[in-house]
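What follows is one structure encoded as structure tokens, with my remarks underneath.
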Amino acid sequence: MNIVWFKRDLRVQDHAPLAAAAALGPVLPLYIVEPEYWQQPTASLRQWCFTRDSVRALAQQLAELGQPLWVLSGHAPDILQRLVQTHGVQGLYSHMETGDDWTFARDQAVKKLGLPWQEFRQHGVVRGLSIRRGWAEQWETLMAEPQAATPALQGPGAGPFELPESLPTPCQLSIAVQPGGSLAGHQLLDSFLSQRGREYTRQMSSPLSAADACSRLSPHLALGTLSLRGVVQRLRATPAPDALWARSFRSLDKRLHWHCHFMQKLESEPRLEHEALHRGFVDLHAEPADLEVIERWIEGHTGWPFVDACMRCLKQTGWINFRMRAMLVSLSAYHLWQPWQIPAQRLAQRFVDYEPGIHYSQIQMQSGTTGINVNRMYNPIKQSRDQDPDGEFIRRWVPELAGFSADWIHEPWRAPAGLQRKMGGPVPPPIADPVLAARQAKQKLTAFIRQREMGDEAQRVLSQHGSRMRQTRPKYQRTSTDTPQQTLDF
Ligand SMILES: Cc1cc2nc3c(=O)[nH]c(=O)nc-3n(C[C@H](O)[C@H](O)[C@H](O)COP(=O)(O)OP(=O)(O)OC[C@H]3O[C@@H](n4cnc5c(N)ncnc54)[C@H](O)[C@@H]3O)c2cc1C
């Protein structure tokens, strides 16, 4: 008998380890609840809620295939060793994981058991890669390969099912806005490809429209309730009814590629969980993090109304769009001049879709520590006026400002004193003046860079991690009946 260890791949469709193990004989499908993992500073109850629902859905799918899922709680190497001793297990099958230091150390401990372990790729991430040349092409090849067939199963029958409703984790915020499980993932993909996705590129930047216009597939890709290859193939097989749809499909396709492009960075250089990718920036901050400032930022009490609205929305729903994630991190790194490590952990806890490879790579990119990306310092007032001109989003999430009109809601501390009094009293100034704070950050950065030789390391980062995407993207065809048939070559 072989164990199929489900980790961040909670599905039965396109599951290569399951198919390979089932072809050899009896299978014991296993999920391990690892209490120590859930104690990590990036973990949260909301992530557990999504995971728990997804494990339940997986258990049902496996039971329908003929062999129920076993769920055990504890230290993975101990559990696996026990199963080897009690059930005569011959081998271990799983997908590769690009995780953080903790999951890497756990996998190393599992390897030491000496149990033959076959790991399969589910993403375009390549192990042991030192240079990016040819990476985009291999991603295309993997995505085009046939999906693994879903097998019928035979095995030891029903076993333990220790799936706690709740778990103690550092962040006890729970959330049930996005339901877990493959079915929920497929429903999101269907609704995006048939209804929600048309305005994707136009509406992805404003938090007012993004929650509905974006695919919302991220937690499903992070937990593997959907196969990335399955999503790519489905997207590419869907005809685009018009030019706007074609643009949306192209845009989503590009992002599915980014998913693995960013994960590859952590796989190739795991130290970026803790250290600046460009080594020249490792000692950028002489001062330690100011925990009070970080607390105001993460809790949505900076006094920048739009920023606070984004943070409170994230706290409540577990999701915020890309542009706002980038803005939140840039404000913490530049305007508030905080080292990125603690903010990265605090944000990760809030995301239902926390994916270490994407998360740390993006955090570093938005914090200016990669040495190869343009440094973007967002002005929170400009973003507010651009993305929420009427102040609707602010009013929804910062109710204490709901009475202010669009003229004043972006900077209520500047409103006439009489108006402020009418709204409940003087509005305190924000945590920092955005223009002044950005100018100071630029000066500090420039002075820091001038004192160092940064070029060689930037070259190294570029060669190891830079994107070399060739035009291998597919052409999305317009198939509308009211417009001429046309191929859009992007
Ligand atoms: C500071 C910061 C931290 C982030 N942390 C995470 C994280 O922990 N987990 C995560 O999945 N995404 C993360 N992202 C990327 C991005 O914001 C989310 O993937 C996206 O907002 C999820 O919503 P969606 O599924 O509707 O995205 P869509 O726009 O519908 O995109 C579809 C899929 O493409 C991938 N994708 C989209 N944008 C990016 C991107 N910029 N980089 C890499 N992959 C992308 C995701 O898998 C996403 O689900 C982060 C971005 C920033 C700036």
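The values are calculated or read from the model by the stated rules, or taken from the named source; none is laboratory data. From a predicted model like this one, the values you see are computed outputs, not experimental measurements. Note: ideal-geometry Cβ built from the backbone for every residue, glycine included; neighbour counts use all protein chains shown. These accessible areas exclude ligands, DNA and RNA; they are computed on the full protein's heavy atoms, side chains included. Shrake-Rupley method; radii C 1.70, N 1.55, O 1.52, S 1.80 Å.
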In the range 90-114, the residues that are among the aliphatic types (A, V, I, L, M) and free of Cβ contacts under 8 Å to residues at least 24 places away in the same chain:
ALA105
Residue set LEU173, LEU153, LEU163; condition outside any helix (DSSP H, G or I), at pLDDT below 95, more than 13 Å from the ligand (Cβ to nearest atom) and among the hydrophobic types (A, V, I, L, M, F, W, C); output residue LEU173
Here are some conditions: (1) under 14 Å from ALA152 (Cα atoms); (2) surrounded by fewer than 23 Cβ atoms within 10 Å (Cβ to Cβ); (3) in contact with a strand residue (DSSP E or B) (Cβ under 7 Å, 6 or more places away or on another chain). LEU69 meets all but one. Which one does it not meet?
(2)
With respect to PRO207, is the statement that it is within 18 Å of VAL352 (Cα to Cα) and not aliphatic (A, V, I, L, M) true?
yes
Go through (1) under 22 Å from PRO305 (Cα atoms); (2) at pLDDT below 95; (3) away from the ligand (no atom under 11 Å from the Cβ) and name the single condition ARG376 misses.
(3)
Exactly one condition in (1) on the phi > 0 side of the Ramachandran plot; (2) touching a strand residue (DSSP E or B) at 6+ places or on another chain (Cβ under 8 Å); (3) at pLDDT below 95 is false for GLY224; which is it?
(3)
Among the residues of the range 415-432, write down those that are closer than 23 Å to ASP386 by Cα and surrounded by 13 or more Cβ atoms within 10 Å (Cβ to Cβ).
ALA415, VAL427, PRO430, ILE431, ALA432
Can you find even one residue in the range 230-247 that is within 16 Å of the ligand (Cβ to nearest atom) and within 24 Å of SER332 (Cβ to Cβ)?
no
Tally time: how many residues in the range 73-97 are open to solvent by 10 Å² or more (accessible area, probe 1.4 Å) and in contact with an Asp or Glu (Cβ under 9 Å, 6 or more places away or on another chain)?
6
Testing SER206 on (1) more than 30 Å from LYS442 (Cβ to Cβ); (2) small (Gly, Ala, Ser); (3) surrounded by fewer than 21 Cβ atoms within 10 Å (Cβ to Cβ), one condition comes back false. Which one is that?
(1)
Out of the residues in the range 311-367 meeting the condition of being within 7 Å of the ligand (Cβ to nearest atom), more than 21 Å from HIS301 (Cβ to Cβ) and of a type in the set (A, V, I, L, M, F, W, C), tell me which one is nearest to the chain's Cα centre (by Cα).
ILE358
For the range 321-330, check the following and say yes or no: at least one residue is within 30 Å of PRO426 (Cα to Cα) and in contact (Cβ under 8 Å) with a residue 60 or more places away in the chain.
yes
Looking only at the range 189-201, filter to residues that are touching a residue at least 40 places away in the same chain (Cβ under 8 Å) and away from the ligand (no atom under 12 Å from the Cβ); which one of those is surrounded by the most Cβ atoms within 10 Å (Cβ to Cβ)?
ARG198
Return the pairs, sorted by first residue and then second, in which the second residue is more than 6 Å from the ligand (Cβ to nearest atom) and in a loop (DSSP other than H, G, I, E, B), the first residue lies in the range 351-362 and is closer than 16 Å to GLY124 by Cα and open to solvent by less than 10 Å² (accessible area, probe 1.4 Å), the beta carbons are less than 6 Å apart, and the residues are 6+ apart or on different chains.
PRO356/GLY99; PRO356/ASP100; GLY357/THR98
Out of curiosity, is ASP212 open to solvent by 40 Å² or more (accessible area, probe 1.4 Å) and either in the same structural domain as VAL55 (by TED's automatic domain parsing) or within 21 Å of ASP14 (Cα to Cα) (or both)?
no
Anything in the range 17-49 that is more than 23 Å from the chain's Cα centre (by Cα) and open to solvent by 10 Å² or more (accessible area, probe 1.4 Å)? List them, or say none.
ALA19, ALA20, ALA22, ALA23, LEU24, GLY25, PRO26
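A quick yes/no check of all residues on (1) of a type in the set (Val, Ile, Thr); (2) in contact with a Ser or Thr (Cβ under 8 Å, 6 or more places away or on another chain); (3) modelled with pLDDT of 95 or more; (4) more than 30 Å from PHE306 (Cβ to Cβ):
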{"site": "GLU97", "(1), (2), (3), (4)": "no, yes, yes, yes"}
{"site": "TRP102", "(1), (2), (3), (4)": "no, no, yes, yes"}
{"site": "ARG106", "(1), (2), (3), (4)": "no, no, yes, yes"}
{"site": "LEU115", "(1), (2), (3), (4)": "no, no, yes, yes"}
{"site": "LEU129", "(1), (2), (3), (4)": "no, yes, no, yes"}
{"site": "GLN147", "(1), (2), (3), (4)": "no, yes, yes, yes"}
{"site": "GLY159", "(1), (2), (3), (4)": "no, no, yes, yes"}
{"site": "HIS186", "(1), (2), (3), (4)": "no, no, yes, yes"}
{"site": "GLN203", "(1), (2), (3), (4)": "no, yes, yes, no"}
When the range 82-102 is examined, which residues are found to be within 22 Å of LEU28 (Cα to Cα) and within 27 Å of the chain's Cα centre (by Cα)?
TYR93, SER94, HIS95, MET96, GLU97
Residues within the range 136-150 that are in contact (Cβ under 8 Å) with a residue 40 or more places away in the chain, in a loop (DSSP other than H, G, I, E, B) and surrounded by fewer than 18 Cβ atoms within 10 Å (Cβ to Cβ), tallied:
4
Collect the residues in the range 375-392 that are open to solvent by less than 20 Å² (accessible area, probe 1.4 Å) and more than 24 Å from VAL329 (Cβ to Cβ), keeping them in residue-number order.
none
Take the conditions away from the ligand (no atom under 16 Å from the Cβ), of a type in the set (D, E, K, R), touching a His at 6+ places or on another chain (Cβ under 8 Å) and open to solvent by 10 Å² or more (accessible area, probe 1.4 Å) and apply them to ARG395. Does it pass?
no
